[in-house]
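Since every read-out is calculated from the coordinates, none of them should be taken as a lab result. What you are looking at is a predicted structure, and each value in this text was computed from that prediction instead of being measured. For neighbour counting, all protein chains shown are included, and Cβ atoms are generated from backbone atoms with ideal geometry for every residue, glycine included.
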Amino acid sequence: MKDPRGTTTQRGLGWSYQRKRAYILERDRGICWLCNHPGATTVDHVVPRAQGGDDSDENLRAAHAECNYARPGNERRGFSKQIDASGWPTDERHPANRRA
């Protein structure tokens, strides 16, 4: 799935971010933090950059492109945006909490 926002370079994220992206995907073993299934190919900011989130390892999680792009829609459907100290949503109904 092509990102409608453009490439990472166009969004102000350069080669160092690409290195970090590869590290996060490896760290999370390609398991999407939103649906808990393998095959994640993107990195999601738990706290979005637009809301003051940063590119720290603690704020980044592996995610499927589809889950990543659908995330704001899930939150608009009534899921809380609150996260705990480890960066996981506190709302037990949130898709990220459907862990096996």
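Spin-label model, residue 27 to residue 86: label points 7 Å out along the Cα-to-beta-carbon direction sit 1.4 nm apart. Computed over neighbours whose Cβ is under 12 Å from that of residue 38, the net charge equals 0, Lys and Arg +1, Asp and Glu -1. If you take all other residues with their beta carbon under 14 Å from the beta carbon of residue 19, and give Lys and Arg +1 and Asp and Glu -1, the sum is 0. Counting beta carbons within 10 Å around each of 33, 88 and listing the fewest first gives the order 88, 33.
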